[in-house]
1. How many residues, within the stretch 89-131, are part of a loop (DSSP other than H, G, I, E, B) and under 16 Å from residue 166 (Cα atoms)?
2. Name the residue that is farthest from the chain's Cα centre (by Cα), counting only residues in the stretch 132-157 that are surrounded by 13 or more Cβ atoms within 10 Å (Cβ to Cβ) and outside any strand (DSSP E or B).
């Protein structure tokens with residue numbers, strides 16, 4: 001018997017759902033099988049023996065701190081007198097690191113608020129408490145490139161001041177710096 005829901009046969013929906021369930025369950029079982037295989041500990045070492053230095057027997061046990069597959073070869077033990085004779089006589093002095101010097105950035109930074117092309121002057125805004133002095137040279141940057149030279153002429157009010165354009169061109173929102 002066929003049933004129609006919103007123009008779709010119910011039997012077709014049921015068959016597609018059974019296919020998607022089968023695919024989903026097979027993916028879950030495959031993932032579980034892979035994780036079970038990866039989670040089992042490997043009890044056998046990758047190599048049966050590690051060769052020792054020439055003239056000594058092969059190493060059959062590795063130290064506990066080093067896995068058996070990458071154990072270093074053992075060295076023959078020398079008497080203490082022989083070790084002292086081979087010890088270097090020069091002493092190594094620790095290198096002193098230079099003291100870290102931190103200097104604050106005292107660059108005066110502001111922005112162009114208004115531009116008067118005919119009068120060749122700009123109105124600038126600076127942070128409160130940090131204003132350029134009258135006659136100070138300033139430089140205008142746009143996207144990191146210098147585009148104009150300014151000379152502060154005043155007047156000054158609150159966080160705004162006026163500067164003449166000495167060279168170049170300015171646009172609103174250009175960055176102004178004293179260096």
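Here, each number is a calculation from the coordinates, and none is a lab measurement. The structure displayed is predicted, hence computed values, not measured ones. Cβ: placed from backbone, ideal geometry, glycine included. Neighbour counts: every protein chain shown.
1. 4
2. 134
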